[in-house]
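Below: one structure, written as structure tokens.
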Amino acid sequence: MGQTIKCARQILLPAVKEFTVGEFYINNPDIDISDELFQKNIFEKIKNEKLSLRVSELWQNEIKGYDSDYELQKSFGHKSIIPIRKFMCQLKALIELDLDALMESKPGVFKKPHVDNIFHVDISELGGQEKIVRIWVNCTNSWKYRIYSWPLSANIDWCNKDECEYFFS
């Protein structure tokens, strides 16, 4: 089976009012940020920052047949890399949209439990050895959002070629 990309949909995100990163991501019982790499490379460095973002957009692309982040970058190019502070705001907006949809019994953005939602994020402005990381968000059966990260430089094989995942750009 070959690699496939299906541009599922454009997501228009509302403006994100100023918030403190740590307060939103730690105090929200629906979010699990216990991943050690995410904590060390990202969260600990920006948890006290106040962020906001104007209206923005993301493309949710359904992907299948990819082995690695390197292959994704070859297909999508540099335009798919999101700066870390913008990403943290966009992820907040996505989670809030998702929770609102679930309250109304509508489908959310992070559609199915245990399906990976993948982002490539530039963390170079935070210092440290890694510049670009893969962050993926998935949901448990109870719709708790788990956030993980892995350095793109590791170029590991991560994908089950037979299942679709979502790559945001």
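The single condition from (1) in contact with a His (Cβ under 8 Å, 6 or more places away or on another chain); (2) surrounded by fewer than 17 Cβ atoms within 10 Å (Cβ to Cβ); (3) at pLDDT 85 or above that Thr140 fails is (3). With respect to the conditions (1) modelled with pLDDT under 95; (2) exposed (fewer than 15 other Cβ atoms within 10 Å of the Cβ), Asn28 lacks only one, and its number is (2).
Only one of Asp98, Asp35 is touching a strand residue (DSSP E or B) at 6+ places or on another chain (Cβ under 9 Å), surrounded by 15 or more Cβ atoms within 10 Å (Cβ to Cβ), closer than 16 Å to Tyr148 by Cα and modelled with pLDDT under 90. Can you tell me which? The unique qualifying residue is Asp35. In segment 68-81 there is at least one residue that is under 15 Å from Trp136 (Cα atoms), in contact (Cβ under 8 Å) with a residue 40 or more places away in the chain, surrounded by fewer than 18 Cβ atoms within 10 Å (Cβ to Cβ) and in contact with a Cys (Cβ under 9 Å, 6 or more places away or on another chain). Quick one: is Phe119 in a strand (DSSP E or B), touching a residue at least 40 places away in the same chain (Cβ under 8 Å) and either within 13 Å of the chain's Cα centre (by Cα) or surrounded by fewer than 15 Cβ atoms within 10 Å (Cβ to Cβ) (or both)? The answer is yes for Phe119. Just one of Lys79, Lys74, Lys112 is at pLDDT below 85, in a helix (DSSP H, G or I), among the charged types (D, E, K, R) and within 20 Å of Arg9 (Cα to Cα); which is it? Among Lys79, Lys74, Lys112, only Lys79 is at pLDDT below 85, in a helix (DSSP H, G or I), among the charged types (D, E, K, R) and within 20 Å of Arg9 (Cα to Cα). As for segment 84-107, it holds no residue that is outside any helix (DSSP H, G or I), among the basic types (Lys, Arg) and within 19 Å of Glu165 (Cβ to Cβ).
The values are calculated or read from the model by the stated rules, or taken from the named source; none is laboratory data. Small disclaimer: the values here were computed from a predicted structure and weren't measured. Every residue, glycine as well, gets a Cβ built from its backbone with ideal geometry; the counts of neighbours run over all protein chains shown.
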